[in-house]
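Take a look at the structure below.
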Amino acid sequence: MTRREFMYQVLSPLGRLTAEERENVRRELEEHVEDRMETLLDMGWDEELAESRCLEAMGDPAEIGQEMAKQYRGRGWLWIGRAAVALTVVMCVQALLGFGLLSNAWDSLEARFCPSTAISIGELKNVEAVEDLDIQTEVGNDVLRIYQVSVGEKDGQRAAMVLACAYDRWPFGVVAAGLRVRSTVVSQRGEMGTSGGSRGNYGAEYAVHWAPVEPGDTHVVWVYHAIGEMIRLEIPLPGGEETA
């Protein structure tokens with residue numbers, strides 16, 4: 001949603017306001033957006049993304065407009081101006097605490113120190129071996145981390161399952177989207193693997209991939225395409241030939 005669309009939806013229910021009062025409401029909301037954008041821009045956020053996150057944090061524009069319209073009935077402009085400020089501030093604080101910057105930072109820290117394995121639940125059958133890893137490489141401002149590999153059965157075929165995550169080097173930074181679609185895993189013989197699920201937010205992204213393995217295989221390769229380059233990370237299989 002653009003800022004113009006957001007403002008239109010907020011102002012639509014305020015039919016009783018004069019043109020001057022509507023302009024005052026619009027100006028107040030614009031100032032709130034600009035203030036919050038300035039904070040994100042200082043933190044290095046992209047302008048378009050910063051504006052999008054600020055509008056998202058302010059809440060549903062239709063609900064804001066309806067609440068302001070209710071409060072305005074029978075009251076003067078000064079009261080509604082103060083109510084609008086209080087309402088938007090409360091919504092912003094709730095959003096930031098609930099799913100905004102703090103939530104993103106928490107997910108980013110989790111990916112650094114204790115990445116989730118929930119994304120892989122139920123995907124690999126007859127698991128033979130599991131090994132936790134910590135293979136990291138920097139990709140621009142992000143860090144790509146391979147943190148677990150397992151060997152078992154996938155769709156009736158022996159396979160290796162590799163779990164990975166990506167996060168910005170700064171905990172409050174925004175990770176580049178598309179970890180799953182930019183990655184693949186290939187076998188020791190160059191056979192292409194399959195991609196699984198992915199999840200995440202602006203703080204961290206997770207992805208899981210599989211590749212076929214045969215007795216005697218010692219590794220698979222994670223291939224990641226980003227910012228004009230191809231990164232190849234060799235992932236040792238747990239136990240090497242002992243898993244044969």
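Using modelled backbone amide H atoms (1.01 Å from N, in-plane), which distant-in-sequence or interchain residues come within less than 5 Å of residue 159's amide H?
So residue 159 has HN proximity to 152, 153, 154, 213.
Can you tell me how much longer the chain between residue 232 and residue 2 gets when fully stretched, taken as 0.36 nm per residue apart minus their C-alpha distance, in nm with one decimal?
78.9 nm
Output the relative contact order of region 110-200, whole-number percent, from Cα pairs under 8 angstrom with separation of 6+ residues. Intermediate values should be presented prior to the final figure.
Details: 133 pairs, mean separation 20.2, N = 91.
It comes to 22 percent, rounded to a whole number.
Using 0.36 nm per residue, how much length does the chain from residue 23 to residue 109 gain when fully extended, once their Cα-Cα distance is taken away?
That pair, residue 23 and residue 109, stretches by 26.7 nm at full extension.
Suppose R0 equals 41 Å. What FRET efficiency, 1/(1 + (r/R0)^6) with r the Cβ-Cβ distance, do residue 201 and residue 129 give to the nearest 0.05?
0.85
Based on the Kirkwood radius over alpha-carbon pairs, what is the Stokes-Einstein translational diffusion coefficient of region 113-164 at 37 °C with 0.692 mPa s viscosity, in µm²/s?
273 µm²/s
Roll a 1.4 Å probe over the protein heavy atoms and report the accessible area of residue 46 in Å², nearest 10.
Result for residue 46: roughly 90 Å² accessible.
Taking the Cα atoms of region 140-244 alone, what are Rg (to one decimal) and Dmax (as a whole number) in Å?
Looking at region 140-244, its Cα Rg and Dmax stand at 14.1, 44 Å.
Full extension from residue 177 to residue 66: what is 0.36 nm times the residue separation minus their Cα-Cα distance, to one decimal in nm? Please report the intermediate quantities before stating the final value.
Values: separation 111, 0.36 × 111 = 39.96 nm, distance 3.47 nm.
Here the answer is 36.5 nm.
Considering the zone a paramagnetic label at residue 194 would reach in this model (a point 7 Å from Cα along the Cα-to-Cβ line), which residues of region 213-233 have amide N under 19 Å from it?
Under 19 Å, as judged by backbone N against the label point of residue 194, lie 213-215, 220-223 of region 213-233.
The values are calculated or read from the model by the stated rules, or taken from the named source; none is laboratory data. From a predicted model like this one, the values you see are computed outputs, not experimental measurements. Note: ideal-geometry Cβ built from the backbone for every residue, glycine included; neighbour counts use all protein chains shown. What goes into the accessible areas is simple: the full protein's heavy atoms, side chains included, and nothing from ligands, DNA or RNA. Shrake-Rupley method; radii C 1.70, N 1.55, O 1.52, S 1.80 Å.
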